[in-house]
């Protein structure tokens, strides 16, 4: 089990974050929440990382607000300052972990996946990034700007981040000279989320977790 801590942002403000420690001098990962908030699912992912030997830090981008209602989640996400979340909250979390381990990766789901791409493009201290079924607007974060190892996990039955969008991301990165690892699954959006049994896919989730740990083991 982890604990809530205060993390300083580059602008001097602070943000609460959930820290699951694997000890000193371990590789580190920032875990970025879905649009539901910093809930038990995201804390559980951070705990799994710690058990696998990675110190994980999940910043609370909604400042304590959590929901299970899609309409409220959409309202919270649409009200989020995405540039501020990227350049301040997530970068602050990365800088905190840099004091613990040499290299820091970022990963996230849905909204957090989009922010993982944004962090890969904009946060210079990030060494590797993993995105689960998320995509930022290209005018905010162009995948072609990513110069670090990148891995993406996407669902073929996703009406949000469609296969066509995934193809565009892969082509943009390849054209920029970054041979990203892109995996596609016969599953629905949010297939990794155990709190959503209507879309959770245990087999795809386990395979994606295994692939991610192997990737981070090479990259961090």
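The values are calculated or read from the model by the stated rules, or taken from the named source; none is laboratory data. None of the values given here were measured: they were computed from a predicted structure. For neighbour counting, all protein chains shown are included, and Cβ atoms are generated from backbone atoms with ideal geometry for every residue, glycine included.
The table below lists the values:
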quantity	calculated
Within the stretch 8-41, tally of residues that are surrounded by 19 or more Cβ atoms within 10 Å (Cβ to Cβ), in contact (Cβ under 8 Å) with a residue 40 or more places away in the chain, closer than 29 Å to residue 71 by Cα and in contact with a strand residue (DSSP E or B) (Cβ under 6 Å, 6 or more places away or on another chain)	7
Condition check for residue 181: surrounded by 13 or more Cβ atoms within 10 Å (Cβ to Cβ) and in contact with a helix residue (DSSP H, G or I) (Cβ under 8 Å, 6 or more places away or on another chain)	yes
Any chance residue 47 is in contact with a strand residue (DSSP E or B) (Cβ under 6 Å, 6 or more places away or on another chain) and without any contact (Cβ under 8 Å) to a residue 12 or more places away in the chain	no
Conditions (1) surrounded by fewer than 22 Cβ atoms within 10 Å (Cβ to Cβ); (2) in contact with a helix residue (DSSP H, G or I) (Cβ under 9 Å, 6 or more places away or on another chain); (3) at pLDDT below 95: number failed by residue 139	(2)
Residues of the stretch 29-41 satisfying the condition of being out of contact with any helix residue (DSSP H, G or I) (no Cβ under 8 Å at 6 or more places or on another chain) and either within 17 Å of residue 5 (Cα to Cα) or assigned to a loop (DSSP other than H, G, I, E, B) (or both)	38, 39, 40
Test set (1) touching a helix residue (DSSP H, G or I) at 6+ places or on another chain (Cβ under 9 Å); (2) surrounded by 21 or more Cβ atoms within 10 Å (Cβ to Cβ); (3) under 25 Å from residue 49 (Cα atoms) - residue 212 fails condition number	(1)
Strands (runs of 3 or more DSSP E) wholly inside the stretch 88-182 that include at least 3 residues being under 17 Å from the mean Cα position of the chain (by Cα), within 30 Å of residue 21 (Cβ to Cβ) and touching a residue at least 40 places away in the same chain (Cβ under 8 Å)	104-109, 128-132
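For every residue, the table says whether it meets (1) within 28 Å of residue 100 (Cα to Cα); (2) in contact with a helix residue (DSSP H, G or I) (Cβ under 6 Å, 6 or more places away or on another chain); (3) not in a helix (DSSP H, G or I).
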site	(1), (2), (3)
48	yes, no, no
53	yes, no, yes
57	yes, yes, yes
64	yes, no, yes
67	no, yes, yes
74	no, no, no
84	yes, no, no
